[in-house]
Amino acid sequence: MLLPYTAGWSCGPILGIDEARFDLFRPNNAGSSPLEPFYYTEAFLNGGTPDPEGKDNARNCAEWQAITGTGVSAADIYTIQYTTAPDDFLRGYNTGQWEALEKNSFVQWLRQPAHQNAARYLALAKRAEWTQTESTDPWGEGRLPSADLQALAHEAEAGYYNEKDLFLKTRYAFQAVKMWYYAGYHTGAPDSPRLMRINTLYDSALLGRPTIVAGWAALYHGMVQKDSIAHVRSIVRAFDLSEEKKVFAFQQLSRDDLEALLRVETDPKLRLAAIAMKGANTVGPALDDLKVLAIADSQSKYLPLLAGREVAKIEDWLLSPEALGFESALRTNAFYQTRNWDGSHAYDTIYTYYANLRRSKDRAYAAELRNFLEAHAVRSGPHHTYLLLAAAHLYSIEGDFKNAQKILASIPEPTTRALKIQWLIDLAVAEMHLLNVRTPQAQKALLARISALEELGLRPYDRLSSWSDEHNDAKTETGDDLSEILLLLSRRFQKAGDVVRASLLYTKAGLTTNHYDSFSWDENDTSVSYASIAYLDRVGEPADVDSLVRFKRDMERSAFDAYLAPAHWAPDAFYHDLKGTMLFRKGRYREALAVFEAMPDDFWETTYAYRDYLPRTSIASVGTLQPGSSVAKVHPVTSKEALLREMVGVQDSIAIARTPSVKARWMLKWAHAQYNTSYYGKAWMLFNYGNSSRETGSGWYESEEHWAYFTGEPSQRYAARYYYLRDAIAAYRETLRLASRDKETAATALLMLAHCDALVHSEPKGKKPLPAGVYYAYQPRNGEEKYVSPYLTMLRKMYAGTALYQQASATCPDVAVD
Amino acid sequence: MSRAAPLLFLLFSFLGCTSEGQGTHSFYYWKGGAASTDEEKRDDSLAQALGVDHFYIHFLDVDWSEAAGEPVPRFTTGFSYNPYYAAHDYTPVVFITSRTFERMKGDAGPDSLAAKLTRKLTLMTADLEEHYRSNAAQRIEYPDYSTAQDYSTVSARIEQRRDSLKAALQKSRTAYPGEVQIDCDWTTGTRDRYFAFLKALKARLPGREISVTVRLYPYKYRKKMGVPPVDRGLLMAYNLSPVTNAATSNSILEVAELKKYLGGKKYPLPLDVALPTFRWSAWHRNGTLQGLMHNLAPGALGTNHVQRMDGPTAQYRIVRDTIIGRDYLRAGDVLRDECVLPETLKAAAGLLRSEVPGVRRTAFFHWEPSIADYASTIQEIYRGQ
């Protein structure tokens, strides 16, 4: 039960890809889109499309245009190559009736007698394409595709040997290699004659040729090689020379394959590509690969990819837990896997030890990487700025903001958008840590950075649109960057003692952190939502709420404050309710009552979910827990004020009671009120804004691993009273002491003490720690004795003659029988 | 009552058909894909209400593939559900592009296509029949689990009855379907190969009627276009005027236009007839057809987007750039709303009744939810058969 929600997550929230990762070093800084699938993200190789910008296709069209001349438009070549169905092209080619393609300049060029060989080649290429997209057995006659593929392979091979034009000759060779590959694919491993044909064609016509088809052919060639080194070498070549084959090529090879190649390979270009693939295939530290790459080619095109991956890893390992409260998803998973534990929910009691151990190790690794990047930047040519930004970012992660700022100051304002964004991000992060954020000057400077980032298109995180982009690596990685800055800034204000601005920044950031901020998106769009007060509720004090209301009413805010202010404020009463609730938790009941009295009478009846989770019965009625107790509604509307006024009235009555018996009866009411406003009582909403069945019996509220259950925050600070019933038990015991002559009252107190004792006994602190993996309210296991409260034994022995006992034992078997 | 009696009753209820009027009540079913449970219920009740007892079912298209160098099937329907299950009788329809015969080479082409198509139709028909039998058997329902006294015995009995019904249906429907229909816009250039194909098909499907669709042009100019060598024809009384022509007022059906084609001698083949119940908007830009937008009523787009143009033709001017589905209509384009009014439909049916004698089956093109709007008109036409 998580309140209130209109589109809640009944099983707790599900995190989107990379939502639990903190990553302010943008992976697309390197500006090479074909390498996007290899970024260090949770979507690694699972999302996006190979070669998203279609660079290979564009290159193929450009190669054709170099033959046709610019009289033929690149767009028309693209249309014929990539958007015209094989049958449509072939119909025009075979019949001369081109219909909608009549005006295509490439078609017109192909129709010229001088270009009939090119047209003939394209017709073959389209037939080859047809075998890849259509069934070669359309009538279901059991015809194997290999016959068609072999016929095409022979035809392409003949074209290669007969064609004089080098451009077409190379392409015929490519088609032949491809068709021989697929012919073998459909019949099992290629036989020797077919392998020989592929090798001959590839070696003589394609290897080393500056054409895109050579890169594509390398993959088919590599896939059929029986010699393992030849197999790996050609696939690495395909990775290097082609963009659209990169992902497939990457997936064919293991780190061992690549290391085996690197032991024997002498071609420097292939070595670089193999190192890059190996580095991208490393989920742990890969600085060694990065160093080898940088030594081999200090300006390698793969350098930014590997460097960016290392920065992202360190940021994830160190800052995801620190800033968001989540452990690194990648590392946590690996940890559980290596321990081979059953179920991902198992709580590891020694995890913290390892977390600290690896934190210091990761910080040392950050320093090592940063030293390398700084030293190497001077030799890295076009990557100079990129590597300096990476080094500055690492300084920030390490907490050395002065050096971060020093490096950033040495970099001229970048001219590319991607690098400029990164530069501004790191400036903002450094400045928020070096300046006194409470001063107007600092706030003005930080707002300038934020505004500059917004001008470049960054916006606070939008979870919904982020989810729709979850298969777009770059977007999911960068869509929350401004929010991550706001979150860091919130922490700075918190540290500086400005809880109000910290709260507003946290709310504006809108990120999912490992806390309960309301599990609803719809709710967050309304002015009255727990999300708008969650942070303040968790970390604030009553005086902070007053400050927030003053901030809200201030009509002459600075530009910085105006930026922080929400688009829709909740009514003042909602904040006052928070203040009253905070005072209530502290046991300052009269002050809380004064706050509630100043609020509109119908507020709890008409706002939030109070009406559903506050009783209109007496605060001193425990309902059916006490036989004979009244369950009549005594309050005309739902009202915290009315309930609290009752409690204060009970306090006053205790103070003026003249006899122990009278005092005992009032004390019993007080005890009931304390019980009712605990986690287990029906008026828990006087104490808290949410309630979950997963809060008890597990010690969740004492652990670091909150997600995804409502943790009881901030009630965990008041666990003794809220979960362990300290005040209720004390009041029942006092009742028992006072009621020595009033057996019915004493019996009632004992009955409730037995109930409270049983509840507390199910808590970890009331009993021995729970076995690992037990998260529900504790139930006796096989062979374990059922817990019987000594209070119950006492009730049976001493008060069996009371009406209370008679009724209770008649309606509740547990009271009557052990 | 013997135990066989309920089964016989079920069998008769699946085989029996009683239509008002003399001819068969038929529809073309041109959709592919699976139907939802709600659609099944709606289709069943609509078929019952209209007394539909036959469907022409679009089985597949055949087109010439340049890459394969032979005709290939382009579209094949799925049979998980079909409203014909409620009608019990059907005719498979195969649409073949005219260019298939245009590109076909050699004398063996027509017979080769006939052989492949026969095999395909046999497989598809067996599949459809299996679905029909399963669908019929499923109508014998299990009792409520909570009230059945001996559920395992009851369920065994139900399964036995289902199997018996399926076996009885299989035995009684060996001749299904009794007819196969070929739909092709043949030309004088493709006529010989098309007719050769029809003869070959007839030879490969003995005991089955072969029918063809006949447009109004070859109906009127039968000497020039030839008469297909088949058992029956189905006269398609729609698509009378060129939809590409911006001056056309309604390309689907105009009675005056229909009259121009009728009135000659009796056609040498026995004929059935088909009438249109579809609607589209012909989308023109600067006098050139851009596309047909099915089931679009332009007036419903609202005056912010369209304005009705003067004149008797239902034409609408696009006044604001508008996206409809995947089409981007620009200001200035014209949408010509083409639908068949009930009175037009009735007049056309009456004309066909008088000019085309001996019609066995009147069909409507085609089965879709919007035919509910024509329900009373269709019933009236059926009654007048």
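Miscellaneous remarks
- Residues in segment A:159-210 that are at pLDDT 95 or above and among the charged types (D, E, K, R) were compared, and the one that is surrounded by the fewest Cβ atoms within 10 Å (Cβ to Cβ) is A:164.
Residue-wise test of (1) of a type outside the set (S, T, N, Q); (2) within 11 Å of chain B (Cβ to nearest Cβ).
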site	(1), (2)
A:55	yes, no
A:85	yes, yes
A:91	yes, yes
A:104	no, no
A:122	yes, no
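- Residue in segment A:85-92 that is surrounded by fewer than 21 Cβ atoms within 10 Å (Cβ to Cβ) and at pLDDT below 80 present: no
Listed here are the residues, each with its yes/no results for (1) closer than 30 Å to residue A:497 by Cβ; (2) in a loop (DSSP other than H, G, I, E, B); (3) in contact with a Leu (Cβ under 8 Å, 6 or more places away or on another chain).
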{"position": "A:413", "(1), (2), (3)": "no, yes, no"}
{"position": "A:421", "(1), (2), (3)": "no, no, yes"}
{"position": "A:425", "(1), (2), (3)": "yes, no, yes"}
{"position": "A:429", "(1), (2), (3)": "yes, no, yes"}
{"position": "A:442", "(1), (2), (3)": "yes, no, yes"}
{"position": "A:449", "(1), (2), (3)": "yes, no, yes"}
{"position": "A:458", "(1), (2), (3)": "yes, yes, yes"}
{"position": "A:461", "(1), (2), (3)": "yes, yes, yes"}
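- In segment A:611-640, the residues that are hydroxyl-bearing (Ser, Thr, Tyr) and farther than 13 Å from residue A:682 by Cβ: A:630, A:639
- Flag if residue B:117 is in contact (Cβ under 8 Å) with a residue 60 or more places away in the chain and either of a type outside the set (A, V, I, L, M, F, W, C) or over 28 Å from residue B:41 (Cβ atoms) (or both): yes
- Evaluation of residue A:131 against (1) within 11 Å of chain B (Cβ to nearest Cβ); (2) in contact with a Lys or Arg (Cβ under 9 Å, 6 or more places away or on another chain); (3) not acidic (Asp, Glu) (one fails), failing number: (2)
- Test: residue in segment A:153-167 that is assigned to a helix (DSSP H, G or I), within 14 Å of chain B (Cβ to nearest Cβ) and over 19 Å from residue B:71 (Cα atoms): yes
- On the stretch given as segment A:140-151, residues that are in a helix (DSSP H, G or I) and either within 10 Å of chain B (Cβ to nearest Cβ) or under 22 Å from residue A:69 (Cα atoms) (or both) total 1.
- Residue match in segment A:556-564 (condition: at pLDDT 95 or above and closer than 19 Å to residue A:688 by Cβ): no
- Scanning segment B:283-303 for residues that are crowded, with 17+ Cβ neighbours inside 10 Å and polar (S, T, N, Q) yields a single hit, B:290.
- Conditions (1) without any contact (Cβ under 8 Å) to a residue 40 or more places away in the chain; (2) touching a helix residue (DSSP H, G or I) at 6+ places or on another chain (Cβ under 9 Å); (3) within 30 Å of residue A:440 (Cα to Cα): number failed by residue A:555: (2)
- Every residue from segment B:45-80 that is facing another protein chain (nearest Cβ under 10 Å), assigned to a strand (DSSP E or B) and at pLDDT 90 or above: B:62, B:63, B:64, B:65, B:70, B:71, B:72, B:73
- Any hit, segment B:124-142, residues being within 11 Å of chain A (Cβ to nearest Cβ), surrounded by 17 or more Cβ atoms within 10 Å (Cβ to Cβ), without any contact (Cβ under 8 Å) to a residue 60 or more places away in the chain and touching a helix residue (DSSP H, G or I) at 6+ places or on another chain (Cβ under 9 Å): no
- Enumeration of residues in segment B:81-120 that are modelled with pLDDT of 95 or more and of a type in the set (A, V, I, L, M, F, W, C): B:93, B:94, B:95, B:96, B:101, B:113, B:114, B:115, B:117
- Among (1) at pLDDT below 95; (2) within 14 Å of chain B (Cβ to nearest Cβ), the one test that residue A:49 misses: (2)
- Here residue B:231 meets the list (1) surrounded by 18 or more Cβ atoms within 10 Å (Cβ to Cβ); (2) within 30 Å of residue B:88 (Cβ to Cβ) almost entirely, failing just condition (1).
- The sole residue among A:419, A:424, A:447 that is modelled with pLDDT under 95 and either among the hydrophobic types (A, V, I, L, M, F, W, C) or out of contact with any Gly (no Cβ under 6 Å at 6 or more places or on another chain) (or both) is A:419.
- Checked against (1) more than 13 Å from every other protein chain (Cβ to nearest Cβ); (2) surrounded by 20 or more Cβ atoms within 10 Å (Cβ to Cβ); (3) acidic (Asp, Glu), residue B:107 passes all but a single condition, namely (2).
- Positions within segment B:64-103 being of a type in the set (Val, Ile, Thr), buried (at least 22 other Cβ atoms within 10 Å of the Cβ) and within 14 Å of the chain's Cα centre (by Cα), in sequence order: B:91, B:93
- Scan of segment B:56-82 for residues that are among the hydroxyl-bearing types (Ser, Thr, Tyr) and touching a residue at least 24 places away in the same chain (Cβ under 8 Å), ordered by number: B:56, B:76, B:77, B:80, B:81
- Here residue A:137 does not fit the description of being of a type in the set (Asp, Glu), within 14 Å of chain B (Cβ to nearest Cβ) and crowded, with 16+ Cβ neighbours inside 10 Å.
- Qualifying residue in segment A:126-138 (condition: touching a residue at least 40 places away in the same chain (Cβ under 8 Å), over 24 Å from residue A:160 (Cα atoms) and in a loop (DSSP other than H, G, I, E, B)): yes
- Condition met for residue A:213 (in a helix (DSSP H, G or I) and either aromatic (Phe, Trp, Tyr) or touching a residue at least 60 places away in the same chain (Cβ under 8 Å) (or both)): yes
The values are calculated or read from the model by the stated rules, or taken from the named source; none is laboratory data. From a predicted model like this one, the values you see are computed outputs, not experimental measurements. Heads up, the Cβs are rebuilt from the backbone with ideal geometry, glycines too, and the neighbour counts pull from every protein chain shown.
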